[in-house]
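The values are calculated or read from the model by the stated rules, or taken from the named source; none is laboratory data. Note that the structure is a prediction, hence the values are computed from the model and not measured. FYI the Cβ positions are ideal-geometry reconstructions off the backbone, even for glycines, and counts take in every protein chain you see.
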Amino acid sequence: MKGRSGSGIYPGWWIVSTAMVIMALTFASMINLGGLFVVPVTDELGVSRTAFTLHMSLSSLSATAALLFTGPVFAKFPLKAVMSVCSLVVTAGLFGYSVAGRI
């Protein structure tokens, strides 16, 4: 596709390709490599592997369920506001992991 000036690639495709690379390098590696850490983490923390993997599964399912509501939320509210609130929620969740005493 030609850009608006008539030459080159349309700038939107640069954004799409950059987002794809970021997702391929970060998100996919987190999901696919999570299983490598089950044994070391459970041994170190003294929790059962069943409880730990159940936690990982429930986290993935809740994230999937939350995606059902993102379209209407993005359509109703400004993108910057939604992303700011979501960033705060993720930060609070990660902080909750750091202070949790039990699984």
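This table checks each residue for (1) more than 21 Å from the chain's Cα centre (by Cα); (2) among the aromatic types (Phe, Trp, Tyr); (3) closer than 15 Å to residue 103 by Cβ.
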residue	(1), (2), (3)
14	yes, yes, no
19	no, no, no
63	no, no, no
67	no, no, no
74	no, yes, no
77	no, yes, no
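Using the structure shown, decide if residue 84 is in the same structural domain as residue 31 (by TED's automatic domain parsing), among the hydroxyl-bearing types (Ser, Thr, Tyr) and more than 19 Å from residue 30 (Cβ to Cβ). So residue 84 fails the test.
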